[in-house]
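*Asks:* Quick one: structure below, then a few questions.
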Amino acid sequence: MAGFSIYYVTAPLIGGVIGYITNYIAIKMLFRPHTAKYLFGMKLPFTPGIIPKEKGRIAEAIGGAISQNLMNHEVLSRYLLSEGMKGKVRHMVEEFMVVQKRNSESVADFLKHYMSEKELQSIVTSVNIDLTKQVHSKLADSEVGKNVAHIVVGSVVEKMKRMNPTEVLGGLFLGLGGLRAMAAKFAGASLWNKFFTMLQAPAERMLTGNINKMLEKNGEEIVSKMLGNEVDTFINTPVCKLLEGKDEQIEQVVNTMETVYQSIISDHLPRILESIDISKIVRDRINEMSMDETEKIIFQVMDKELKAIVWLGALLGTIMGCINIIFR
């Protein structure tokens with residue numbers, strides 16, 4: 001009777017222990033051994049474990065699944081262009097601009113957060129050179145000298161025409177007797193105006209030639225100094241000063257950044273996804289990982305579930321032990 005009672009206890013217990021151990025070993029065999037094992041030159045069965053043996057295929061499958069179902073254009077676009085996400089982007093830009101409105105560091109110091117001093121100096125030099133060449137090429141145009149000469153000479157001629165010719169010429173020939181009388185006759189308004197009108201064209205040609213020669217010889221140096229001072233002044237200006245009183249422009253910047261963000265996601269996301277090849281990145285990363293790392297990650301993600309499988313084996317073993325008693 002005592003033996004019969006012990007059997008009722010030991011059968012389910014042994015079944016539970018066997019179920020627990022077999023499931024525990026089965027889970028371990030998913031990962032171990034990490035490499036094939038040999039005995040007398042023959043590879044032992046079930047070595048390496050299932051996951052190490054099929055690691056390449058698993059990596060390919062996971063990479064494809066993530067690329068096609070989780071990180072594809074439709075899914076990412078729906079998330080990145082949602083009102084909530086666009087609101088976050090706009091809020092980030094607005095916060096950035098608010099901070100910059102209080103930023104007392106110079107433009108140069110601000111840019112040094114994002115590039116080296118050498119890179120900044122290279123950009124400044126390049127801007128100076130490019131702007132100097134562009135402005136000088138415009139100034140070297142013969143039409144510039146012609147237009148300047150026309151404006152200058154025309155202004156002088158108009159000013160002379162408005163002056164009283166009698167007073168001007170009379171003063172010049174004061175004390176010269178007959179010459180002063182001749183000057184007074186010459187000083188008629190009509191003749192005076194014709195005289196300066198006649199001089200205007202040759203004066204413009206002469207001044208045009210001098211201006212063009214000066215610009216051709218010294219124009220680039222003059223422009224370089226002028227633009228160099230302006231660029232230096234700009235990069236040494238505090239950021240807050242540049243943004244002072246520019247609330248409308250800042251609002252436009254925020255709107256522009258939001259538009260640019262939407263344009264990048266809408267128009268360029270497919271090419272971005274194609275260029276970075278998410279499937280390949282995932283596949284290569286899994287293949288690069290050691291089995292120790294892989295096993296650790298899987299257990300971090302599924303620790304509870306794997307333990308549940310082990311205990312489920314114990315439960316099933318116990319149930320089988322009880323069934324064995326019933327049908328004994």
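*Asks:* Does segment 1-82 classify as rounded, prolate or oblate by the C-alpha gyration tensor (a ≥ b ≥ c root eigenvalues; a/c under 1.5 gives rounded; else a/b over b/c gives prolate, otherwise oblate)?
*Replies:* Note, shape of segment 1-82 comes out oblate.
*Asks:* What are the chymotrypsin sites (Phe, Trp or Tyr not before Pro) within segment 246-328 that DSSP puts in a loop, where the Cβ has at most 14 other Cβ atoms within 10 Å?
*Replies:* Here the sparse-neighbourhood loop sites are Phe327.
*Asks:* Now a separate question. Are there any chymotrypsin sites (Phe, Trp or Tyr not before Pro) in segment 63-133 that are in a DSSP loop and have at most 14 other Cβ atoms within 10 Å? List them by number.
*Replies:* Hits after loop and neighbour filter: Tyr114.
*Asks:* If I model a spin label as a point 7 Å beyond the Cα along the Cα-Cβ vector, how far apart are those points for Gln300 and Ile319 in nm?
*Replies:* Those two pseudo-labels are separated by 3.4 nm.
*Asks:* Please work out how much accessible surface Tyr24 shows to a 1.4 Å probe, ignoring ligands, DNA and RNA, in Å² rounded to 10.
*Replies:* Estimated to the nearest 10 Å², Tyr24 gives 110 Å².
*Asks:* Further question on the same structure: Starting from 0.36 nm per residue, how many nanometres of slack lie between Asn147 and Ile62 once their C-alpha separation is accounted for?
*Replies:* So the extension gain works out to 23.4 nm.
*Asks:* How many nm is it between the label spots at Glu274 and Thr237, if each spot is 7 Å from the Cα in line with the beta carbon?
*Replies:* In this crude spin-label approximation the distance works out to 4.3 nm.
*Asks:* In segment 22-76, which GluC sites (Glu not before Pro) fall in coil by DSSP and have 14 or fewer other Cβ atoms within 10 Å?
*Replies:* Sites meeting the loop and neighbour criteria: Glu54.
*Asks:* A follow-up question, please. What FRET efficiency comes out for the pair Thr125/Ser155, r = Cβ-Cβ distance, R0 = 45 Å, nearest 0.05?
*Replies:* Efficiency for this residue pair is about 0.70.
*Asks:* Further question on the same structure: Rolling a 1.4 angstrom probe over the protein chains, ignoring ligands and nucleic acids, what is the accessible area of His113 in square angstrom, nearest 10?
*Replies:* 120
*Asks:* So, one more: With a point put 7 Å past each Cα toward its Cβ, work out how far Arg102 is from Thr22 in nm, to one decimal.
*Replies:* Taking the two extended label points, one gets 6.9 nm.
*Asks:* Let me ask something else about it. Distance from the Cα centre of segment 1-62 to that of segment 282-318, in angstrom?
*Replies:* After rounding, the separation between the Cα centres reads 13 Å.
*Asks:* OK, next. For segment 249-299, which whole-number percentage of the solvent-accessible area (1.4 Å probe, protein heavy atoms only) is attributable to carbon and sulfur atoms?
*Replies:* The computed percentage sits at 58.
*Asks:* So, for segment 1-99, what is the accessible surface per residue at a probe of 1.4 Å, expressed in square angstrom?
*Replies:* Per residue, segment 1-99 has an accessible area of 69 Å².
*Asks:* List the pairs from Lys55/Lys296; Lys112/Lys241; Lys37/Lys296; Lys28/Lys53; Lys88/Lys280 whose alpha-carbon separation is above 24 Å, in the order I gave them.
*Replies:* Table pairs above 24 Å Cα-Cα are Lys88/Lys280.
*Asks:* I need the calculated FRET efficiency for the pair Thr256 and Phe46, taking r as the beta carbon distance and R₀ as 51 Å, to the nearest 0.05.
*Replies:* 0.25
*Asks:* Apply the Kirkwood formula to segment 48-139: the hydrodynamic radius equals the inverse of the mean of 1/r over all pairs of different alpha-carbon atoms; give it in Å with one decimal.
*Replies:* Answer for segment 48-139: a Kirkwood hydrodynamic radius of 19.1 Å.
*Asks:* Now a separate question. So if each residue of separation counts as 0.36 nm, and I subtract the Cα-Cα distance between Lys86 and Tyr8, what length gain in nm does that give?
*Replies:* Answer, rounded to one decimal: 21.4 nm.
The values are calculated or read from the model by the stated rules, or taken from the named source; none is laboratory data. Only a predicted model underlies this, so the values are computations on that prediction, with no experimental measurement involved. No Cβ is skipped: glycine too gets one built from the backbone with ideal geometry, and neighbour counts run over all protein chains shown. For accessibility, only protein heavy atoms count, side chains too; no ligands or nucleic acids. Shrake-Rupley method; radii C 1.70, N 1.55, O 1.52, S 1.80 Å.
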